[in-house]
Each structure stands twice: as structure tokens, then as C-alpha cells.
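Some notes on the structure that comes next.
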Amino acid sequence: MAIKITIKASYKLPFFFFFLSTLFLASSSVTPLINALSDYHNQKCQQSICRGVGGRHSLLRSKDHPQDAREEYFYCSQSCGTSEEPEQCETECRERFDEQLKKEAEEQQKGQEEEEEGPTFNPNPYYFPKFGLRPRFLAEEGAYFVLGSFARLSHLLRGRIQNYRAALLQTTPGTFVLPYHLDAESIFVVWNGRGTLTLVMKDTKQSFKIENGDVIRVPAGATTYLINNHTTENLSLVHLFQPVNTPDLFEEFFPAGYKGPEPGSDYSFLHGTESYYSVFSNDLLEAAFDVPREQLEKAFGQQKREGMIIRASKEQLEALSKQASPWWRKLVPWSMGSDLNFNLLSQRPLHSNNYGKFYEASPQEFKQLQDMNVSVAMLDINPEAMMVPHYNSKATYLMMVVDGMGYFEMACPKFTIPASEEEMEYQEEQADQQSGVYSKVSGKLSLGDVFVIPAGHPVSIVAQNNNNNNNGGNQNQNLRIVGFGINAGNNMRNFLAGQEGNIMKQMEREATQLTFGQEMEQVLTSQKQSYFVPASRRGSSTEKA
């Protein structure tokens, strides 16, 4: 049985934020994303959201600093981890969550929300800020964060991407990630750094040299380990998981366990993990390995490492990287044979110009993606530029920001925040009566933020300059996003503006006039760029989020 790393008792949670902010911000080797997460949680604690040390609910809503309902529920439920009455604690958290949702719904229905200039960033069911990334491992050598279940974070995503999970793995130079396997199908995307990843399956071992833009299809049950053999650069990967046992839940299974931090140490809010061998009886293991018990106890007694990510010697790193497949085999899909990886950035961009690039690998072209029916995309937009409004015919896209900052705006069917399960069911029953009424949902984007683009929903994404540099990104850095298209087979992307690919321009003049009026013909032909355009027209200031 694998032991999932979780946050300890509620009185440890404020220290979690403190250690993230002090230790990681003091380390120059840590990635900006971890710094951004540290800043976010530390700011929340400074705003008196982290309160009541030792109490059942150590994170309470502050009247001066109100939170999003989902955010408060997340923090509240975390504090129930080792409560004396965890079920009662969870019930009280849920009751507060329902009460807050009801108040927000009433305010929305009464029209009390004010319209601001530019994008509005109200709570919405398609936007998940970086606070939802929960640590399963965290140390000076690296970190492993997993986003919460989409089905639990948003009722509108049930049935769409509820059986998918997103995660981030980041390691510092000269490190080794201990072997493990998952009860989930996986896709790994490298967005920073270099290293070697190894997969061990029945009678098969494959090692890949990995670098920025690489996509690796990891089958469920494949024992996986990797190294960062670079001397100065961090290795960062985005993961997509599709659980194969329990919907939207997955576990890591480690053959060799590792120790948890010492009580009172910097990372004492995390547990260690046992070896899955430890659950078997000594008699069974003696027979399975055909060795005496003393030798077994000695071998397994010495296996406890300091963490999931550990330091390795230069000689060990060199030996582990020797068996990797040649770099050229991942450049084109038809040269890979049984290999499971390719480099997305070596392919020709699907859409590109001087303002941005969009790369995508579809399941039709890359056989590694066919069984999951998922596409992999990388979006790179210059500062003060945008990807014009468009929608996807059948794929729902899960997008994670890996660099830069900006915002998105999306047209969605009119919805209100449900106050209860009963109201949720009522809204679903009344959906047909609200057809043709739309809401604008939007969100600020910076490192670690996730947003979902459902099929058929028109969306536009804008990149901005990071003028204050407080969001973990670099100033004037392009907005970079890694995306996964769920149900991507034969998906079509329909653009609603621009010179090329604009489906509105394909309509007959008479159809355009009957639909929009006389002026629309000139509007549709004014934009000379395609796919990516400046975010402001003729030198006007860019709309700020």
C-alpha cells in the first residue's frame, strides 16, 4: 500500500506557508513557479487568513479579506487532515462553503456585482489559480505539486475532464527522482531544462534524453525514474494523469520508501512514504526473493532515502544517462518505432506569425496519443499580443501557464454559482430555458495558474508585460502555456477574427448582411494579421487586468 504524502495537523499549515516563503525565496536554485506559490500563500497568511493556531479550523474567513468560496473550502478541508473529528470538521467546512456560495449566488442574481473596465476576475468554474497546487513532495532538491480534482473544484466540469488530473514536477541540478509507478495513464511535457527519463515495463526498459518541448507518453504501471544531469538548469515537467482505478484519484507506488522530515524541521508538514514491499509478510518475501530474512531486513532497512528527489554523484548521473535513445529519434513521429516520446517544438507550428506561435500534436498524427485521445499543445504569445477569439469543435482544453503573465476572456452559457446540490440539479434542468444567454468569464494568468476551455466556448488569450515582476515571471517574458486537449480526435479550431482561418469570412455576403448588417463586411476584412495580433489597435494602450 502506498502512503500518500499529505499535510499534517492543522497547526502545521501556517508553518508550511512560512517555510515556502523563507527557504525557497532565499534559494537562487529554485524555479520562479515555486517562488510564485510561496509569495501567494505567504501573502494570504499576512492577510490574516491563516489564523487560530491549534484550532480545528486554522484558516478562517476574514471580513477584511474575503476569499473565493472554493479557496476557503480548500484551506478549511486541509485543516481537517488530522483532526480528532475529521468527519465533523469536513461537514462544517462544507456547510460554510454552501453558505458562502448561496450568498454569492444571491448577490449575482440581484445584480450587485459591478462591471469594471477591462477583464473582470470573478470566481468562475473554469479558472483555478496556483493556490490549488498541493505539494506531495517538497524539499531543496525539488518539488512535486498536484492540482485538485476538477470534479470537486467545479460542478460544470463533471463529465468533461473529471477523470483527468494535472501536476508539476520540478528538480534542481544533479538530482535523481526515486522510481515509482502510477495507477494512471500519463503524459509528461518538458517545459524547462534537460535530463534523462527511464521507463521500466515487462521485459522492456526505455530511456530518453529529455529537453524543452519533449512529450513522453507514460503507460499506467510503468516504473518511472529520471535525473537532472544539468549543472545549472532546473528540470520542469507538466503532467496529465488519467486514473485507471478510481475516477479522478491516483497514487504513486514506491518500491523504495523514503523518510519524512524530522519533527520541527523545515518540511515537517509532509510525511515520508513506505515501500510497497513493506506490507508483505516476511515469510512471503523470503519465498519470493529466495533469501534469508536477515538479508531482507538488512536490504530493506537501508533503503530509506531522504526524499522523493535526492542528490546523485556525477558518476551516477553519467551512468544513468548513457542508455538514453538517440536525440534524433524524437524529431519526427514516423521514425520512433515503439518509442513513447517526441519533441513538439521540433514540429512546424500549427499557427504562427511575428506575435505568437501555437504548436500542437494531435492523436491523428502521433500514435502515442491515440489511446488517451488527447492532444498536446504549446502556446507562446509575445507581450502585448493576443490569440484572437476562437473555439474548438469537440475538444476541451486544460491549460497551464508555465511562464509570463496575461489574462483570458471566454464566452460561456449564463450560469450562477449553485448554493447546493439541489440547486445544481435545478440549474441543469432549466438549462434549455436559458439558452442564448452568455456570461463573460475571465482570469488573470501567471505561473502555475490553470484554466479550462470547454468545447464550443469562444475564447481569447492575451499576454502582458510583467511590469511589477511580483508574479513569478520575468519582465517582458512571453506568455507560455502548456495545454492538453481532451477528446481531441478530429477536433477543429474555428477562428472568429483575423485574415486566415476566420470562419466568418467564409460566409456569403448576403448571409453576412442578413446576420450582422451592412457594416460587418468591412469589419471582417480590416484585420490583416492571422491567429495572433497586437493586443491594442494603432498604438492605443493595452487593456490591463
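The values are calculated or read from the model by the stated rules, or taken from the named source; none is laboratory data. The structure displayed is predicted, hence computed values, not measured ones. When we count neighbours, we look across all protein chains shown, and the Cβ atoms used for this are built from the backbone with ideal geometry, even at glycine. What goes into the accessible areas is simple: the full protein's heavy atoms, side chains included, and nothing from ligands, DNA or RNA. Shrake-Rupley method; radii C 1.70, N 1.55, O 1.52, S 1.80 Å.
Please verify whether Ser435 is crowded, with 20+ Cβ neighbours inside 10 Å and at pLDDT 55 or above, treating the condition exactly as stated. It is false that Ser435 is crowded, with 20+ Cβ neighbours inside 10 Å and at pLDDT 55 or above.
In the stretch 230-242, the condition of being among the hydrophobic types (A, V, I, L, M, F, W, C), open to solvent by 20 Å² or more (accessible area, probe 1.4 Å) and touching a residue at least 12 places away in the same chain (Cβ under 8 Å) is met by no residue. In a residue-by-residue description of the stretch 161-169, the property of being of a type in the set (Ser, Thr, Tyr), outside the structural domain of Val450 (by the TED database), touching a strand residue (DSSP E or B) at 6+ places or on another chain (Cβ under 8 Å) and open to solvent by 10 Å² or more (accessible area, probe 1.4 Å) applies to at least one position.
With a requirement of 2 or more residues that are among the charged types (D, E, K, R), the strands (runs of 3 or more DSSP E) lying completely within the stretch 168-242 that satisfy it span 204-211, 214-218. In this structure, is Phe176 open to solvent by 20 Å² or more (accessible area, probe 1.4 Å) and at pLDDT 90 or above? Against the criterion (open to solvent by 20 Å² or more (accessible area, probe 1.4 Å) and at pLDDT 90 or above), Phe176 qualifies. Inside the stretch 501-514, residues that are among the polar types (S, T, N, Q) and either at pLDDT 90 or above or not in a helix (DSSP H, G or I) (or both) make up a count of 1.
Arg165 meets each of the listed conditions (1) more than 30 Å from Pro458 (Cβ to Cβ); (2) at pLDDT 90 or above; (3) of a type in the set (D, E, K, R) apart from (1).
Selection of the stretch 155-173 for residues being small (Gly, Ala, Ser), in contact (Cβ under 8 Å) with a residue 12 or more places away in the chain and more than 11 Å from Gly132 (Cβ to Cβ) yields only Ala167.
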